[in-house]
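First up is the structure itself, then whatever we jot down about it.
The values are calculated or read from the model by the stated rules, or taken from the named source; none is laboratory data. Just so it is clear, the structure is predicted and the values come from calculations on it, not from any experiment. Reconstructed Cβ throughout: ideal geometry from the backbone, glycine too, with neighbour counts over all protein chains shown. Side chains are part of the model used for accessible areas, which takes the heavy atoms of the whole protein and leaves out ligands, DNA and RNA. Shrake-Rupley method; radii C 1.70, N 1.55, O 1.52, S 1.80 Å.
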Amino acid sequence: MQQHAPAQGGGILRQPMSVWATAFAAVVAFMGIGLVDPILPAIAQGLDASQSQVSLLFTSYFLITAVAMLVTGWVSSRIGGKRTLLIGLTLVVVFAALAGTSDSVGQLIGFRAGWGLGNALFVATALAVIVGAASGGAESAIILYEAALGLGISMGPLVGALLGDMNWRYPFFGTAALMAVGFLLITTLLKPTPKPPATTRLSDPIRALAHGGLSTTAFTALFYNYAFFTILAFTPFILHMDAYGIGFVFFGWGVMVALCSVFAAPFLQRRLGTVRVMHLALALLVVFQLGLAFSPHAGIIVFTILSGIPIGLNNTAFTEAAMEVSDSPRPVASAGYNFVRWLGGAIAPYLASKLAEEINSDVPYFVGAACCVVAIGILVVRRRHLAALDRVDVDHAFQDAPVPAKA
């Protein structure tokens, strides 16, 4: 297991401006995930496409993101973190803008794939940059990163609804503009990051997955992400609401994700341990998926919002586990982990929509619930590979313990 520098004082909110600049760009990057949620029905109507065809906007995005994760470390170790961030941001700006000009669903799917490439270069490197530059140690940096994720995911549907109500193309142009602002902030506020002492080989992320703890975390997260993105990518079609209605439902969902990522997850990790938090969150997600399958319209809204609770808990727990469970460098471990887990995000949108078209709209949630059960089974069977996390949990609990008064 890695040995990390002791945490510095200052608290999670007292960070260098370079960290805030990177976090802002991360918020916008994560906005791109939920941005299209409110406008999925409008895109289907505007481009005369089926639900499963439109769902490929997610599949192409996350499939390219997953594969690109394997090269992010290779790139950043040769040109440095700052340049990698800027290349990623440039690709997002270009392809998001091009997505807004699409005349067919095929073009839109292709431009979303290019967007996914830029997002992979940015997101994987942003976590490493924030961890390296943040005050308060790795835990504070990860919480800050998850806060950016939660804020971005919650704001994405609102921005998508606001702009998409005028025209389904406007959210893509809006994202391009916001990412251009992020590009300028990082260019001016983030100092050039030093290159790692050793370059990363293309095979390193795959080699890192040979570690039992990292592979356990990654493949558990693959099944969890299938359930996660079934809710995110398929539910807009069965809400039968306008862009604002879908946007506000997923804003509520995103708020739950953000609050539980930043506040509830660290609290529960210190008291229950990281692995138990994963068990709890996955069990809750089973319940909420079944609730989505069996509920009328009002229940679908409620269970969609509530599903943000276990997703927020798991996002933090899994991210910290991936960063801490093995002795691989953090960027390498993150790349291997994200490669596997984003495959779940790539498969779920298309398969869920196809199952709904071929059978009925309840089946995607039954499959999502089954994936959570499989994830719990992996954690149970391979629990010994996650023993290193017990030490991390003890360290966190020790940090929370009150300092005894001097005699």
**Request:** Report, by residue number, each residue of segment 324-355 that is over 20 Å from the mean Cα position of the chain (by Cα), assigned to a helix (DSSP H, G or I) and not charged (D, E, K, R).
**Result:** S353, L355
**Request:** Mind listing whichever residues of segment 305-323 are in a helix (DSSP H, G or I) and touching a residue at least 60 places away in the same chain (Cβ under 8 Å)?
**Result:** I311, G312, N314, N315, T316, F318, T319, E320, A321, A322, M323
**Asked** Taking segment 101-126 only, how many residues are more than 20 Å from V28 (Cβ to Cβ), in a helix (DSSP H, G or I) and either within 16 Å of the chain's Cα centre (by Cα) or not aliphatic (A, V, I, L, M) (or both)?
**Response** 3
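On the basis of being surrounded by 20 or more Cβ atoms within 10 Å (Cβ to Cβ) and over 21 Å from the mean Cα position of the chain (by Cα), does A243 make the cut? Give the derivation first.
Working: surrounded by 20 or more Cβ atoms within 10 Å (Cβ to Cβ): yes; over 21 Å from the mean Cα position of the chain (by Cα): yes.
So A243 fits the description; yes.
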**Matching entry among F267, F223, F234 (being within 30 Å of R384 (Cα to Cα) and within 18 Å of the chain's Cα centre (by Cα))** = F223
**Asked** Among the residues of segment 1-15, which ones are loosely packed, with under 15 Cβ neighbours inside 10 Å and either touching a Cys at 6+ places or on another chain (Cβ under 8 Å) or modelled with pLDDT of 65 or more (or both)?
**Response** L13, R14
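If I go through segment 43-55 residue by residue, how many of them are in a helix (DSSP H, G or I) and surrounded by fewer than 24 Cβ atoms within 10 Å (Cβ to Cβ)?
7
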**Asked** In this structure, is A258 surrounded by fewer than 24 Cβ atoms within 10 Å (Cβ to Cβ), farther than 28 Å from R201 by Cα and among the hydrophobic types (A, V, I, L, M, F, W, C)?
**Response** yes
**Prompt:** Within the bounds of segment 350-370, is there any residue that is within 16 Å of Q51 (Cβ to Cβ), among the basic types (K, R) and in contact with a helix residue (DSSP H, G or I) (Cβ under 6 Å, 6 or more places away or on another chain)?
**Reply:** yes
**Prompt:** For segment 356-375, which residues satisfy the criterion of being in a helix (DSSP H, G or I) and either small (G, A, S) or farther than 28 Å from P296 by Cα (or both)?
**Reply:** A356, G368, A369, A370, A375
**Asked** When you look at W115, is it surrounded by fewer than 21 Cβ atoms within 10 Å (Cβ to Cβ) and among the aromatic types (F, W, Y), yes or no?
**Response** no
**Of the criteria (1) of a type in the set (A, V, I, L, M, F, W, C); (2) assigned to a loop (DSSP other than H, G, I, E, B); (3) crowded, with 19+ Cβ neighbours inside 10 Å, which one L202 fails** = (3)
**Message:** Checking the structure you have, find out if any residue of segment 23-42 is open to solvent by 10 Å² or more (accessible area, probe 1.4 Å), of a type outside the set (K, R) and not in a helix (DSSP H, G or I).
**Reply:** no
**Prompt:** How many residues does segment 238-262 contain that are at negative phi and outside any helix (DSSP H, G or I)?
**Reply:** 2
**Request:** Just name the residue that is surrounded by the fewest Cβ atoms within 10 Å (Cβ to Cβ) out of those in segment 73-87 that are touching a Phe, Trp or Tyr at 6+ places or on another chain (Cβ under 9 Å) and in contact (Cβ under 8 Å) with a residue 40 or more places away in the chain.
**Result:** L86
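So that you can scan it fast, the table gives a plain yes or no per residue for (1) out of contact with any Cys (no Cβ under 6 Å at 6 or more places or on another chain); (2) closer than 18 Å to M69 by Cα; (3) aliphatic (A, V, I, L, M); (4) without any contact (Cβ under 8 Å) to a residue 24 or more places away in the chain:
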site	(1), (2), (3), (4)
T101	yes, no, no, no
Q107	yes, no, no, yes
R112	yes, yes, no, no
G118	yes, yes, no, no
A124	yes, yes, yes, no
A133	yes, no, yes, no
A147	yes, no, yes, no
**Prompt:** Any idea which of (1) open to solvent by 30 Å² or more (accessible area, probe 1.4 Å); (2) within 30 Å of F267 (Cβ to Cβ) is the one T188 doesn't satisfy?
**Reply:** (2)
**Message:** touching an Asp or Glu at 6+ places or on another chain (Cβ under 7 Å), open to solvent by less than 10 Å² (accessible area, probe 1.4 Å) and either among the basic types (K, R) or more than 25 Å from L355 (Cβ to Cβ) (or both): is that true of T216 in this structure?
**Reply:** no
**Request:** Please determine, by comparing only the residues of segment 127-166 that are more than 19 Å from F24 (Cβ to Cβ) and of a type in the set (D, E, K, R), which one is most open to solvent (accessible area, probe 1.4 Å).
**Result:** D165
**Message:** Suppose the filter is open to solvent by 50 Å² or more (accessible area, probe 1.4 Å) and under 15 Å from F228 (Cβ atoms); does L282 pass it?
**Reply:** no
**Item:** Scope segment 294-304; condition hydrophobic (A, V, I, L, M, F, W, C), touching a residue at least 24 places away in the same chain (Cβ under 8 Å) and surrounded by fewer than 19 Cβ atoms within 10 Å (Cβ to Cβ); matching residues
**Value:** F294
**Asked** Out of all the residues in segment 100-107, is one or more modelled with pLDDT of 90 or more, closer than 16 Å to A176 by Cβ, out of contact with any Pro (no Cβ under 6 Å at 6 or more places or on another chain) and open to solvent by 10 Å² or more (accessible area, probe 1.4 Å)?
**Response** yes
